[in-house]
Amino acid sequence: MNRILLFTVILVLAIGGGYLVAKPFSGVVQPIAFNHKVHIDNGLDCSACHERYSQAAVAGRPKLTTCLFCHETPLTESPEEEKIRQYAERGEEIPWRRLTRLPAHVYFSHRRHVVLGQIACQTCHGRIGQSTSPPSRPEIQLKMNDCLACHRQRGVTTDCNACHR
């Protein structure tokens, strides 16, 4: 009886531990294989699709109407581009998956950093503008020490309550 219990506990811990180890490495899969590079090469910048970056805490993911502004009629024969119009025909928003998540106790404002702080998107998001397929995880994994170093370098507050709620 004790052996069965011990085996069960070890098995549960092994499965749970495996899940915890593998979870961070399982990436996000987007509904459309968005090519950032082709959009940047065509003269669009991050704000063309991430419209809320200058007004809100989050930059937001593109709305279908934003995509349809250019893609209402086909520009290419790409099946990925066609998916945009299929979402429009069904009257559905594109279910873009969020790539980054902050802990619930952290407050971060894109507006404060990008507009007021004049920090380029690439500083935190890396070379995403050069990606030809959607990343499955953030290129740069920012930690609190990275934020503190940037705050110190720019001479802005490092008071805990400025970012932690």
Quick one: which helices (runs of 4 or more DSSP H) lie wholly within segment 69-165 and hold at least 2 residues that are under 20 Å from Gln30 (Cα atoms)? 79-90
For segment 88-100, how many residues are surrounded by 10 or more Cβ atoms within 10 Å (Cβ to Cβ) and of a type in the set (Gly, Ala, Ser)? 1
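I'd like the residue in segment 23-47 that is under 19 Å from the mean Cα position of the chain (by Cα) and surrounded by fewer than 10 Cβ atoms within 10 Å (Cβ to Cβ) and, out of all such residues, is modelled with the highest pLDDT.
The first filter runs over segment 23-47 and keeps only residues under 19 Å from the mean Cα position of the chain (by Cα), leaving 23-40, 44-47.
Okay, now just the ones that are also surrounded by fewer than 10 Cβ atoms within 10 Å (Cβ to Cβ), so 23-25, 29.
On the way: Lys23: 49, Pro24: 49, Phe25: 49, Val29: 95.
Looking at the filtered set, the residue picked out is Val29.
One line per residue, one yes/no per condition, for (1) at pLDDT below 95; (2) small (Gly, Ala, Ser); (3) exposed (fewer than 12 other Cβ atoms within 10 Å of the Cβ); (4) farther than 16 Å from Ala33 by Cβ:
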| site | (1), (2), (3), (4) |
| --- | --- |
| Phe108 | yes, no, no, yes |
| Cys121 | yes, no, no, yes |
| Ile128 | yes, no, no, no |
| Ile140 | yes, no, no, yes |
| Ala149 | no, yes, no, yes |
Let me confirm something: among Pro62, Pro103, which residue is modelled with pLDDT under 95, within 23 Å of the chain's Cα centre (by Cα) and exposed (fewer than 10 other Cβ atoms within 10 Å of the Cβ)? Pro103
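Conditions (1) touching a residue at least 40 places away in the same chain (Cβ under 8 Å); (2) in contact with a helix residue (DSSP H, G or I) (Cβ under 8 Å, 6 or more places away or on another chain); (3) among the small types (Gly, Ala, Ser); (4) more than 17 Å from Ser54 (Cβ to Cβ), marked per residue:
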position: Glu77; (1), (2), (3), (4): no, no, no, yes
position: Ile94; (1), (2), (3), (4): yes, yes, no, yes
position: Arg97; (1), (2), (3), (4): yes, no, no, yes
position: Gly126; (1), (2), (3), (4): no, no, yes, yes
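The values are calculated or read from the model by the stated rules, or taken from the named source; none is laboratory data. This one's a predicted model, so the numbers in the text were calculated from it and none came from an experiment. A quick note on method: Cβ atoms are made from the backbone with ideal geometry, for glycine too, and the neighbour counts reach across all protein chains shown.
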